[in-house]
Amino acid sequence: MALGVSKKEKIDDLADTAGVSLAASAWKRLRRSPVFLIGATIIGIFIMVSLLSPWLAPHDPSDKMLIEQVVKARNEIPPAQPGHPLGGDLQGRDFFSRLLVGSQQTLIVGVGATLIGLTGGLILGTLAGAIGGWVDSVVMRLVDVMLSLPSLLLAFSIAAMFARPSQFTVILAVAIVQIPVFARLLRGSMLAQRHSDHVLAATALGVKKGAIVFRHMLPNSLSPVIVQSTLVLATAIIEAAALSFLGLGNPDDRIPEWGQMLGDVQNVFDTHPHLAAWPAVCIIIVALGFTLMGETLREALDPKNRR
Amino acid sequence: MALLEVRDLTVVFQRRGEEPFRAVDGVSFDVEPGQTVGLVGESGCGKSVTSLAIMGLLPKRGATVTGTVTYDGTDLLKLSDKQMRDKRGSELGMVFQDPLSSLNPVIPIGLQVTEVLERHRGLARKEAMIEAKNLLDKVGIPDPNRRLKEYPHQLSGGMRQRALIAIALACRPKLLIADEPTTALDVTIQAQILAVMKELVQDLGTALVMITHDLGVVAGLCDEVNVLYGGKVVEKADRHPLFAEPRHPYTHGLLASIPRLDAAPGEKLTPIRGSVADNIPWAQGCAFAPRCPNALDVCVQVTPAEEDQLGRLLRCHNPVVPGTPAAEEVPV
């Protein structure tokens, strides 16, 4: 008898583990992908650094502690020295601390802009994909108009419209530019869902329209949008840096930001290229990390690649 | 009065700039309470479109549905979208062909069963879950408590189709339309699914419209059979006379093209020559004439009428006479 029970349990266990869900098989493939591991490592370090930067930074990033050196040497940039591994900037602030703390702004703006853009895109995409007809036409023409403008140019125009730039206007400007990307992607997969068998089956059961959209169509349309958002994060970080570089970002220079740091050192770039190189390399590495992760995620979740 | 009376059901698909296409052309049949009626034919003969038209599931734009579908005294084609939604799932159930794609892949089976119960019977989630367990039990899914929490991809094909049947019958509909419910399944599983359907339909007194191209399914299940060709019913008879003496050359051909266990070794199968695409419009004669071994000159000149011939409804100028051998062998 005991043998019978354990046998039954064993069969159940086997049955439980035999089915492989899309998420599980995707994870299996991701774990073996070196590209994904590199991307994930970069992102992991980036997030850790930005969260812990107040404690990691050796000095207060807004403290002009090296200003004497700047003044004494007639606007010379403080070189690397004990306690200041990367030296100081034009205003005598510790460059290494500014670089560490600057990651916070990048994370906030990148994630904030992506989330707002995602929300906007989900609303528009759901409207277009679920209702169809003239609503679809209006939303999609609007999206076409926005996509026809170069995204960076559009972000500049939106940011420039605000009289007083702040962190929030940067986030908003970058977010609005991302909305059409999400909206079009979601609408496409919603349309495919609308003609799918299980939506027809739900309709044949008299399920109400709202439930069909939110329980049957939307959850099945989300995976490309989720993947896209990791790719958009990279774009958002670069665009936010570009806005700050051009002086359309947060004017409060006590809060360090990589794009702004790049802009500040434009005049001394030929004599002190390292001041530009460090923030630029940080931006590139983080954007690359998100792109690597997003691309491998997209490939792993693509059912066509499933074996 | 019959539970479902379909009269002159016609579905015309029209795309801008294209010729209208009559997918279903004046189909009429009755379903009595508890009766099982078969709609049989090759792919493209209009069986599935007929079922979608009855359920009101054809797209509003592009498909024109005419005729009447009287269910329990009301014409379903005249109901508003909302009234129709209330009827679907509660009084009219439907089971589709492909059980995997007909289930929502991201929702556990349990929630898909309770969704109907909550929608139509107003049950709370907890009561609905208990009822869902009973339903899965009834369709023969072992260990229903565990299955309720599982996702469609974790179930086998047969279990998925059982789950779909449970969902379709959850609110005890008076009419169940099954659109090729066994096509995607193994033969052994087919038999199990058919047995479950037969049993449940008898227990609940549900009338069943069985849409299939599989004459074996018809033989095992249906009381009355409608053979469709080119969107029209060409032969309508009870099961036994139909199988014993098929009169329409198309029905005859369908039966002759089935491999038989009792055939002599080496005996060749007799396919129907041509394909469904080799049609002439019904307005100019008989759509089956180009493929028909019995075709006469009149068949390409005059549309055959649906007539009471030889003890059944038949649409043919030159029916198969009992005792004639199967149509001549066609070199393939």
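The values are calculated or read from the model by the stated rules, or taken from the named source; none is laboratory data. On a predicted model such as this, the values are computed, not experimentally measured, just so you know. All Cβ positions, even for glycine, are placed from backbone atoms using ideal geometry, and neighbour counts span all protein chains on display.
Annotations for the structure displayed:
- For region B:23-44, filtered to residues that are assigned to a strand (DSSP E or B) and in contact with a helix residue (DSSP H, G or I) (Cβ under 8 Å, 6 or more places away or on another chain), the residue that is farthest from B:GLY62 (Cα to Cα) is B:THR36.
- Number of residues in region B:64-91 that are more than 14 Å from every other protein chain (Cβ to nearest Cβ) and either under 24 Å from B:PRO20 (Cβ atoms) or in contact with a Pro (Cβ under 6 Å, 6 or more places away or on another chain) (or both) equals 9.
- Check on A:LEU99, aliphatic (A, V, I, L, M), over 16 Å from A:ALA173 (Cα atoms) and touching a Cys at 6+ places or on another chain (Cβ under 8 Å): yes
- Test result for B:MET94, surrounded by 17 or more Cβ atoms within 10 Å (Cβ to Cβ), facing chain A (nearest Cβ under 10 Å) and at pLDDT 90 or above: yes
- Within region A:181-215, considering residues that are hydroxyl-bearing (Ser, Thr, Tyr) and over 21 Å from A:VAL232 (Cβ atoms), the one farthest from the chain's Cα centre (by Cα): A:THR203
- Counting only helices (runs of 4 or more DSSP H) wholly contained in region A:188-307, the ones carrying 3 or more residues that are within 30 Å of B:GLY56 (Cα to Cα) occupy A:197-204, A:218-245.
- Any hit, region A:115-137, residues being within 24 Å of the chain's Cα centre (by Cα), closer than 24 Å to A:LEU233 by Cβ and not in a helix (DSSP H, G or I): no
- Some residue of region A:130-142 being modelled with pLDDT under 90, within 30 Å of B:ILE107 (Cβ to Cβ) and crowded, with 21+ Cβ neighbours inside 10 Å: yes
- Inter-residue pairs, beta-carbon under 6 Å, first more than 14 Å from chain A (Cβ to nearest Cβ) and in region B:114-132, second of a type outside the set (S, T, N, Q), 6+ apart: B:LEU123/B:LEU117; B:GLU131/B:LEU117
- Every condition in (1) within 11 Å of chain A (Cβ to nearest Cβ); (2) surrounded by fewer than 16 Cβ atoms within 10 Å (Cβ to Cβ); (3) within 27 Å of A:SER221 (Cα to Cα); (4) charged (D, E, K, R) is met by B:ASP143 except one, and the failing one is (3).
- Residue match in region B:163-173 (condition: buried (at least 18 other Cβ atoms within 10 Å of the Cβ), among the charged types (D, E, K, R) and assigned by TED's automatic domain parsing to the domain that holds B:PHE96): no
- Residues that are over 25 Å from B:ASP86 (Cβ atoms), touching a Pro at 6+ places or on another chain (Cβ under 8 Å) and assigned by TED's automatic domain parsing to the domain that holds B:MET210 do not occur anywhere in region B:138-145.
- Number of the exception - A:VAL268 against (1) on the phi < 0 side of the Ramachandran plot; (2) buried (at least 19 other Cβ atoms within 10 Å of the Cβ): (2)
- Residue count for region A:59-114 under the criterion of being of a type in the set (Asp, Glu), touching a residue at least 12 places away in the same chain (Cβ under 8 Å) and not in a helix (DSSP H, G or I): the result is 4.
- Residues satisfying the criterion are absent from region A:178-190 (criterion: within 7 Å of another protein chain (Cβ to nearest Cβ) and among the charged types (D, E, K, R)).
- Some residue of region A:272-292 being over 19 Å from A:GLY102 (Cα atoms), out of contact with any strand residue (DSSP E or B) (no Cβ under 7 Å at 6 or more places or on another chain) and at pLDDT 90 or above: yes
- Yes/no for A:ARG98 being among the basic types (Lys, Arg), buried (at least 23 other Cβ atoms within 10 Å of the Cβ) and modelled with pLDDT of 90 or more: no
- Complete set of residues in region A:180-213 that are of a type in the set (Gly, Ala, Ser) and farther than 20 Å from B:GLU118 by Cβ: A:ALA183, A:GLY188, A:SER189, A:ALA192, A:SER196
- Just one of the numbered conditions (1) loosely packed, with under 12 Cβ neighbours inside 10 Å; (2) closer than 21 Å to B:LEU215 by Cα is not true of B:ASP308: (2).
- Check on A:LEU154, free of Cβ contacts under 8 Å to residues at least 40 places away in the same chain, within 20 Å of A:ALA234 (Cβ to Cβ) and either in a helix (DSSP H, G or I) or not polar (S, T, N, Q) (or both): yes
- Residues within region B:243-302 that are polar (S, T, N, Q) and closer than 23 Å to B:GLY220 by Cβ, tallied: 3
- In region B:67-91, residue surrounded by the most Cβ atoms within 10 Å (Cβ to Cβ) [restricted to those that are assigned to a strand (DSSP E or B) and either touching a residue at least 24 places away in the same chain (Cβ under 8 Å) or touching a Ser or Thr at 6+ places or on another chain (Cβ under 6 Å) (or both)]: B:ARG88
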